[in-house]
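Notes to accompany the following structure.
Coordinate-derived values only; no laboratory data. Because the structure is a prediction, the values reported are computed rather than measured. We place every Cβ from the backbone using ideal geometry, glycine too, and count neighbours over all the protein chains shown.
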Ligand SMILES: [Fe+2]
Ligand SMILES: [Fe+2]
């Protein structure tokens, strides 16, 4: 694995333009900074999946450092956009409230095999490549654009790392349907607690975390509302192509292209649904405020 070709010193922080900060995107970036910075747990978990391979452990550690750097870069940008944001307190609150059970208990892959684990990692890196490419293209704020471009490049390289590792495993190849099931399972986990809880911690004042009620579904909806509008079909095509390749399909075959079109329709519908739900919640809040 090649090293990340950038550090925080390569970012042109002086070009920050507060007039170009999108308040909704800022809320999503706060959550992303926390999740990215939390990579060390994944490093430990991956080492457990591949217990007897010190060379691989070094590679995972380098990967973890790069993910943590994503968190630091995004966190520093957030601080420019919102000087009141307390990254350390938010991260601490997140760590206190969220630990996936398999990080503590698993002595192997929760996907059932090394190959399965690496397919799941490919799904995550496909999603993040697509997400940061969409962010790079959508934001007009120059510093965030530069950070997102660097991160998207890293995520693509991470996908390649896990893809190559999967190909080189001595374990027997998994059946196609099994691979598809693992990929679909990991895809659906995008709506689990990790991002939702990070969104809650990052967008609730530090001294109110744990006091303000945490509603996972509402947080998932709020996060999706803020990120789905960034996507364009080309970003989705890319993610689906990368996932298709990870499960052994042609990245630009008709199945991948049809899946991309279907998901694009679902994204648009979901986005509309999330906008309606947020508008309703806002109206309800206003009514309550007026009645009080
Ligand atoms: Fe990352
Ligand atoms: Fe990554």
What is the packing order of peptides 82-89, 142-149, taking the mean over residues of other C-beta atoms within 10 Å and listing the highest first? 142-149, 82-89
Just need log10 I(q)/I(0) for segment 16-139 at q = 0.10, 0.11, 0.16 Å⁻¹, Debye formula, equal scatterers on the alpha-carbon atoms, no solvent, rounded to two decimals. -0.37, -0.45, -0.88
Round to a whole angstrom and tell me the spacing of the C-alpha centers of segment 210-268 and segment 42-76. 25 Å
Calculated log₁₀ intensity ratio I(q)/I(0) where the Debye formula runs over C-alpha points of segment 144-292, q = 0.10, 0.14, 0.17, 0.18 Å⁻¹: -0.50, -0.90, -1.18, -1.26
Mean separation of Cα contacts under 8 Å (at least 6 apart) over the residue count of segment 19-291, i.e. the relative contact order in percent, is 23 percent
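Taking each pair of distinct Cα atoms in the chain once, what is the resulting Kirkwood hydrodynamic radius in Å?
Numbers: mean 1/r = 0.0499 Å⁻¹.
That comes to 20.0 Å for the chain.
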Once every Cα of segment 1-68 carries one equal point scatterer and solvent is ignored, give the base-10 log of I(q)/I(0) from the Debye formula at q = 0.16, 0.20, 0.26 Å⁻¹, two decimals. -0.72, -0.92, -1.14
At 0.36 nm per residue, minus the direct Cα-Cα distance, what do residue 214 and residue 61 gain on full extension? Give it in nm, one decimal, please. 51.8 nm
